[in-house]
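Just below is one structure, and these are the notes that go with it.
The values are calculated or read from the model by the stated rules, or taken from the named source; none is laboratory data. These figures come from a predicted structure and were not determined experimentally. Heads up, the Cβs are rebuilt from the backbone with ideal geometry, glycines too, and the neighbour counts pull from every protein chain shown.
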Amino acid sequence: MEMRLFEYAVEVARQRSFTKAAANLHIAQPSLSQQIAKLEDELGVRLFYRGPKGTSLTPEGMLFLKRAEQIVQLKEDLKREMFERTVGMGHTLTIGATPITVRHLLPSLLEQYQLRYPNVRIDLIEESTGALHHLTAQGSVDIAILSLPVEDACIATRPMFTEPIYAALPTECKPWMSDRLAFFVEKRVPRISLAELADCPFILLKKEYKLRYSMLELCAKAGFQPRIAYETNNIETAQAFAAYGLGVTLIPDLIQKSSIVDKKQPLYMKLEEQPTRTVVFAYRKDRYLGQAARALMDIYYEIAN
């Protein structure tokens, strides 16, 4: 059984289309179909359902794909490890992170990295946390920056930092505030309980982002379910909405320290519950972690210390 047949089958499964897979593999679609048919004949099973609505795996195809992906990954890992043992660091590093992490955390880190390793090309994949978990588990990124918890057993993590989470409120009293909360805002009280925000409109990130679920969990522990006024893909949008009196939100320290929200800033208050989040480097546990990714982590810890 030829290795390229494994690679062909994996790509068809990923794309759910012979046409798209053929384009990515740089071969003609009829040729790809013939090669997959050859593989199915050799295995004695049908791997794909082919229909007008697209291509999908048969039960036998699902089992085959799981093993085939492992074989293809082992081949790529072996090639990379042998290359680095003989030639040195690879020339590409693929980093996965949310757009906000890219903006606030990576510029200074990559500045130092590129000074030391100018020949390494950085590929950034900016996605939601949910998508990044999937890409990391799939091995589509060399290293990702995520926040805990990371529940997939195939993903290894190394801690970067733990930071506090603050409440972000308007700087002026609003009609939806209780008298007590309005007093706190007016007097710029430095610390409040999360329960004081129970009746406020909340601005949350959308379902693809882990910080949303952290907010919901914190509110549940404080004894209430937040009334969601707005949902957004961008934490800076949530900050801006809070600054202009449209509701309240919760903001990690990294974002709060480096944020520029129009020219109007929210009022940041510490929470008595002292919630935190932990940010980590994440990578697939059973994959070869290249020198370029290890160097990124080393530089980060050197700068952080």
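Among the residues of the range 246-262, are any small (Gly, Ala, Ser), over 27 Å from Thr136 (Cα atoms), crowded, with 22+ Cβ neighbours inside 10 Å and not assigned by TED's automatic domain parsing to the domain that holds Glu127?
The answer is yes; a qualifying residue exists.
With respect to the numbered conditions (1) of a type outside the set (Phe, Trp, Tyr); (2) crowded, with 20+ Cβ neighbours inside 10 Å; (3) over 19 Å from the mean Cα position of the chain (by Cα), which one is the sole condition not fulfilled by Lys221?
Exception for Lys221: condition (2).
What tally of residues in the range 8-31 results from selecting those that are over 13 Å from Leu47 (Cβ atoms) and assigned to a helix (DSSP H, G or I)?
11
Take the range 110-160 and flag every residue that is part of a strand (DSSP E or B), among the hydrophobic types (A, V, I, L, M, F, W, C) and either under 16 Å from Gln291 (Cβ atoms) or over 16 Å from the mean Cα position of the chain (by Cα) (or both).
Ile122, Ile143
Just checking, how many residues over the range 293-305 are crowded, with 16+ Cβ neighbours inside 10 Å and in contact with a helix residue (DSSP H, G or I) (Cβ under 9 Å, 6 or more places away or on another chain)?
So the count comes out to 4.
Among what's in the range 168-214 and is assigned to a loop (DSSP other than H, G, I, E, B) and of a type in the set (Asp, Glu), pick the residue that is nearest to Leu271 (Cα to Cα).
Selected residue: Asp199.
Test Lys53 against the stated conditions and say whether it is surrounded by fewer than 15 Cβ atoms within 10 Å (Cβ to Cβ), within 23 Å of Tyr283 (Cα to Cα) and of a type in the set (Lys, Arg).
No: the conditions fail for Lys53.
Return the residues of the range 41-67 that are assigned to a helix (DSSP H, G or I) and either more than 15 Å from Tyr8 (Cα to Cα) or among the charged types (D, E, K, R) (or both); say none if nothing qualifies.
Asp41, Glu42, Pro59, Glu60, Leu63, Lys66, Arg67
Would you check if there is a residue in the range 68-77 being outside any helix (DSSP H, G or I) and not assigned by TED's automatic domain parsing to the domain that holds Arg284?
No, the range 68-77 contains no residue that is outside any helix (DSSP H, G or I) and not assigned by TED's automatic domain parsing to the domain that holds Arg284.
Ile95 passes all but one of (1) under 19 Å from Arg212 (Cβ atoms); (2) assigned to a strand (DSSP E or B); which number fails?
The single condition Ile95 does not satisfy is (1).
Against the condition more than 24 Å from Ala131 (Cα to Cα), of a type in the set (A, V, I, L, M), in contact with a Gly (Cβ under 9 Å, 6 or more places away or on another chain) and modelled with pLDDT under 85, how does Met89 come out, does it pass?
Yes; evaluated as a whole, the condition is true for this residue.
For the range 224-241, give me the residue count where each residue is assigned to a helix (DSSP H, G or I) and crowded, with 18+ Cβ neighbours inside 10 Å.
6
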